[in-house]
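Visitor: Input: one structure, supplied below.
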Amino acid sequence: MIQYSLHCANAHDFDAWFKNAAAFDEQKARGIVDCPVCGSHEVSKALMAPAVARSGSEKMALSSGHPDVAKFRELLRAYRQKVTSEADYVGDKFAEEARKIHFEEVEARGIYGEATRDEVIALAEEGIEFAPLPDLPEEQN
Ligand SMILES: [Zn+2]
């Protein structure tokens, strides 16, 4: 999966996921890439955001075009901002710290950081609660 920051002919900025660079070109050519704000099909790539490391064949559920998609992105942005301003950043020790908190080896607190895909799978199997922290580019306007 690859994430593109797109902008439309009416200067709206939004993000969309595509299977690969060719999929974006193909969907744009077919006129099915549209702006979630105004529905314009006149969209172009702004800049490439770092893609989430996933296996190339894994599918994600996606939505586009509905007005609530833009609202949801705003909620995600607010959620990310709240978590990153209130929780402790633990960097790549996320899995280790989440485990310590889960097993009450340390005092309970909010944390955020990074984990590898293998670590994420292990945490889920151990029944440790966590949630993805969406990585959204800053709003352009
Ligand atoms: Zn637009």
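The values are calculated or read from the model by the stated rules, or taken from the named source; none is laboratory data. Being a predicted model, the structure only gives us computed values, none of them experimental. Note that each Cβ is placed from the backbone with ideal geometry, even for glycine, and that neighbours are counted across all protein chains shown. For accessibility, only protein heavy atoms count, side chains too; no ligands or nucleic acids. Shrake-Rupley method; radii C 1.70, N 1.55, O 1.52, S 1.80 Å.
Visitor: Just name the residue that is surrounded by the most Cβ atoms within 10 Å (Cβ to Cβ) out of those in the stretch 5-32 that are within 16 Å of ALA61 (Cα to Cα) and within 16 Å of the ligand (Cβ to nearest atom).
Guide: ALA16
Visitor: Suppose we filter the stretch 110-135 for residues that are farther than 29 Å from ASP15 by Cα and either surrounded by 14 or more Cβ atoms within 10 Å (Cβ to Cβ) or at pLDDT 95 or above (or both); how many remain?
Guide: Keep residues of the stretch 110-135 that are farther than 29 Å from ASP15 by Cα, which gives 122, 125-128.
Among the residues that remain, those that are also either surrounded by 14 or more Cβ atoms within 10 Å (Cβ to Cβ) or at pLDDT 95 or above (or both) are: 122, 128.
Qualifying residue count for the region: 2.
A quick yes/no check of all residues on (1) in a strand (DSSP E or B); (2) modelled with pLDDT of 85 or more:
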site	(1), (2)
LEU6	yes, yes
ASP15	yes, yes
ALA22	no, yes
LYS28	no, yes
HIS41	no, yes
PRO50	no, no
ARG54	no, no
ALA61	no, no
SER64	no, no
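Per-residue answers, yes or no, for (1) in a helix (DSSP H, G or I); (2) over 30 Å from CYS35 (Cα atoms); (3) out of contact with any helix residue (DSSP H, G or I) (no Cβ under 8 Å at 6 or more places or on another chain):
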residue: LYS71; (1), (2), (3): yes, no, yes
residue: ARG77; (1), (2), (3): yes, no, yes
residue: TYR112; (1), (2), (3): no, yes, no
residue: ALA131; (1), (2), (3): no, no, yes
residue: PRO134; (1), (2), (3): no, no, no
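Visitor: Assuming ALA95 fulfils every condition listed in (1) in a helix (DSSP H, G or I); (2) open to solvent by 60 Å² or more (accessible area, probe 1.4 Å) apart from one, which condition is it?
Guide: (2)
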